[in-house]
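First up is the structure itself, then whatever we jot down about it.
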Amino acid sequence: MFLLIVSIFLIILTTFLEKFKLGKIINFIVVYAIIFAIVGYVEFTPDKEFYIYWLYDTPESIEPFFRITADYLVKHEYAFPELQLFFTFIYTFLLLFLITRFSEKIFIISLLYVGTIFLFYVTQLRYFMGYYAICLGLYYLYVKKNYFTAALFMAFGIANHYGLVLFAVIIPFFYIKPDKLISRLFTVTVIVLGVTSILLLLGTTSFSQIRFVAYFFSELQSTFLGGLLTFLPYAGIVYMIYRLHIMVVKINPEILKDRKYIFLLIMSIANITLIGAALIIQVIGHRMIMTATLFQLLYVFYILPYFEKNEKFRLLAGFGGAIAFLYFYLYIFMDLILEKSNNDDIISVLKSSPVLNYFIL
């Protein structure tokens with residue numbers, strides 16, 4: 001109840017402050033301080049032991065930014081707490097800076113977004129340091145056409161996580177004619193799903209007599225069902241974004257010339273093309289599909305001004321219901337059907353926060 005009251009108060013306060021230039025700066029600082037205080041000072045994360053090990057025995061194959069950071073921290077006798085502080089300090093700033101490129105609703109958007117990926121946000125230090133940098137790089141590449149700044153952000157992103165090079169496959173979508181964009185995305189999605197299904201089918205029928213291979217593909221099937229269960233709600237949200245796209249284009253066809261709009265649209269729905277791969281390799285879904293909730297939130301707030309008052313209310317109610325269902329699905333439904341859910345780790349993370357313990361717990 002206390003958290004609910006505080007959240008409502010902050011929503012009202014930040015809504016008032018965003019009307020003024022100084023208020024926008026205060027909003028940024030307040031939201032930044034809240035997120036950083038919660039995620040930066042935790043004493044436990046599921047990956048803590050890995051990061052402690054990497055600090056003192058950094059693999060040669062690990063990305064250069066982490067290696068440089070680890071060398072500096074160890075040299076100056078720092079440890080995991082400082083590593084957590086340093087990474088969350090920077091990528092929380094990058095997240096909020098990215099949000100402010102499209103919306104002034106910084107508190108409500110960051111609150112809803114971080115809530116959907118909280119455990120990953122507080123744990124995947126290298127990935128999120130790079131992820132928001134890559135997203136900013138794509139923004140400066142397509143929206144601002146500032147290629148130098150785009151290159152700097154992209155280089156920094158890949159220097160934090162090599163896997164982010166996969167975002168290169170999104171770039172061609174920015175240069176497809178808007179009226180053909182949805183059909184191209186649909187085609188790629190079907191192809192990825194088809195290839196995934198064929199691999200599963202061939203694996204279970206053609207190689208079932210080979211003990212090891214049969215075991216391997218039985219594991220894939222199990223992962224496939226788990227992936228389907230995990231990522232199905234996100235497919236629903238993408239479909240909702242698609243329907244909203246059709247509506248807003250009917251209201252204002254000129255919006256297809258708005259580069260910010262096209263950027264948010266692509267970043268909101270292009271991720272679903274990977275759902276076929278995510279059904280087998282769930283980490284792809286965790287990093288490429290679940291994280292796109294940020295752009296789906298930004299997309300909805302971006303198109304709000306184009307709707308009349310009554311339509312705006314229905315839009316917010318519908319999308320708000322979808323986000324509420326997502327929260328229910330992630331934190332209640334999944335907890336009920338799984339023997340061990342992420343909730344156990346989330347509770348451990350929150351309890352390890354001295355800030356939350358002091359003010360709330």
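The values are calculated or read from the model by the stated rules, or taken from the named source; none is laboratory data. Just so you know, these numbers come straight off a predicted model, no measurement behind them. Don't worry about glycine lacking a Cβ; one is built from the backbone with ideal geometry, like all the others, and counts go over all protein chains shown.
For this structure, a couple of remarks:
- Residue in the stretch 300-316 that is under 25 Å from Val39 (Cβ atoms), in contact with a helix residue (DSSP H, G or I) (Cβ under 7 Å, 6 or more places away or on another chain) and surrounded by 18 or more Cβ atoms within 10 Å (Cβ to Cβ) present: yes
- Checked against the criterion of being within 17 Å of the chain's Cα centre (by Cα), within 20 Å of Asp47 (Cα to Cα) and modelled with pLDDT under 85, the stretch 290-300 contains not a single residue that satisfies it.
- Flag for Met240 being hydrophobic (A, V, I, L, M, F, W, C), within 24 Å of Leu136 (Cβ to Cβ) and either in contact (Cβ under 8 Å) with a residue 40 or more places away in the chain or not assigned by TED's automatic domain parsing to the domain that holds Phe107 (or both): no
- Ile26 modelled with pLDDT under 85 and within 26 Å of the chain's Cα centre (by Cα): no
- Taking the conditions (1) aliphatic (A, V, I, L, M); (2) under 30 Å from Ile11 (Cα atoms); (3) surrounded by fewer than 20 Cβ atoms within 10 Å (Cβ to Cβ); (4) modelled with pLDDT under 95 in turn, Val143 satisfies each one other than (4).
- Met129 meets all of the listed conditions (1) over 24 Å from His286 (Cα atoms); (2) in contact with a helix residue (DSSP H, G or I) (Cβ under 7 Å, 6 or more places away or on another chain) but one, namely (1).
- Of everything listed in (1) at pLDDT 95 or above; (2) outside any loop (DSSP other than H, G, I, E, B), the single unmet condition for Leu166 is (1).
- Scanning the stretch 172-193 for residues that are of a type outside the set (Lys, Arg) and exposed (fewer than 15 other Cβ atoms within 10 Å of the Cβ) gives Pro172, Tyr175, Asp179, Ser183, Phe186, Thr187, Val190, Ile191.
- Being of a type in the set (S, T, N, Q), at pLDDT 95 or above and within 28 Å of Phe301 (Cα to Cα) is not true of Thr69.
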